[in-house]
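Only one structure is covered here, and it is reproduced in the block below.
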Amino acid sequence: LGLWLLGDGTGRNFHPLPAQRSGVRVYGEQRGAAPADFDNDGRIDLAVSQNGTETRLFLHGAHTPAGVRVRVIGSRANPAAIGARLRPVRDGKPGPVREISAGSGYWSQQGGVQVFHGAQAIEIIWPDGHSTRQKIPRGQAEIVIRR
């Protein structure tokens, strides 16, 4: 049975959530998990691959507020912007960094579109070291940031 660890945002303190509470019930041998906004609603969903059986998709419920979807487009040589680091800015303070990667675990990969909640701007450090900051208009569902 899969295990969901709920953190407090510090990266250190995690508490297990039983499947009855998390809603993520995956019996058998899990191989990889990939968070992404699969249904484009501004909420992170989860795909879990398993050995010898079908991949499971858990769509995040509408009871949670939607965030802003941030899509980055890199240079001609790197259109997916692999290696770009995104940091949300809330009340003038930078938040945790997320990096666009080409893989994030065993048989899995996170989505290239990132979802942020409560950010007023996004700072991006591009793979070549150049940095930009993009304000997020209030109520915007998705923004595209180009290198």
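The values are calculated or read from the model by the stated rules, or taken from the named source; none is laboratory data. Because the structure is a prediction, the values reported are computed rather than measured. A quick note on method: Cβ atoms are made from the backbone with ideal geometry, for glycine too, and the neighbour counts reach across all protein chains shown. In case anyone asks, the SASA skips ligands and DNA or RNA and just uses the protein heavy atoms, side chains included. Shrake-Rupley method; radii C 1.70, N 1.55, O 1.52, S 1.80 Å.
With a 10 Å radius around each residue's Cβ, average the other Cβ atoms per peptide and rank 130-141, 79-90, 25-36, highest first.
Highest to lowest by the protection proxy: 79-90, 25-36, 130-141.
What is region 1-83 by shape, rounded, prolate or oblate, if you read a ≥ b ≥ c off the alpha carbon gyration tensor as root eigenvalues and call it rounded for a/c under 1.5, prolate for a/b larger than b/c, and oblate otherwise?
prolate
In nm, to one decimal, how far is the modelled label at I73 from the one at L59, with both set 7 Å along Cα→Cβ?
2.8 nm
Give me the percent of the accessible area of the chain that comes from carbon and sulfur atoms, probe 1.4 Å, all protein chains in place.
The computed percentage sits at 51.
Compute, for L57, the solvent-accessible surface of its heavy atoms (probe 1.4 Å) with the complete set of protein chains present, and express it in square angstrom to the nearest 10.
100 Å²
Over region 20-93, average the accessible area per residue using a 1.4 Å probe and give it in Å², no decimals.
Heavy-atom SASA per residue in region 20-93 reads 59 Å².
Show log10 I(q)/I(0) for the chain at q = 0.09, 0.19 Å⁻¹, two decimals, from a solvent-free Debye sum over equal Cα scatterers.
With no solvent term, the Cα-only Debye profile gives -0.32, -1.28.
Based on the Cα gyration tensor of region 77-129, what are the three equivalent ellipsoid semi-axes, each the root of five times an eigenvalue, rounded to whole Å and given largest first?
So the three semi-axes of region 77-129 are 22, 14, 8 Å.
Starting from one equal scatterer on each C-alpha and no solvent at all, send me the Debye-based log10 I(q)/I(0) for region 36-98 at q = 0.14, 0.22, 0.23 Å⁻¹, two decimals.
Calculated log10 I(q)/I(0) at the listed q: -0.64, -1.05, -1.06.
Helix-derived [θ] at 222 nm for the chain: sum -39500 (n - 2.57) over DSSP H runs of at least 4, divide by residue count, nearest 500?
When only DSSP H runs of four or more count, the value is -500 deg cm²/dmol.
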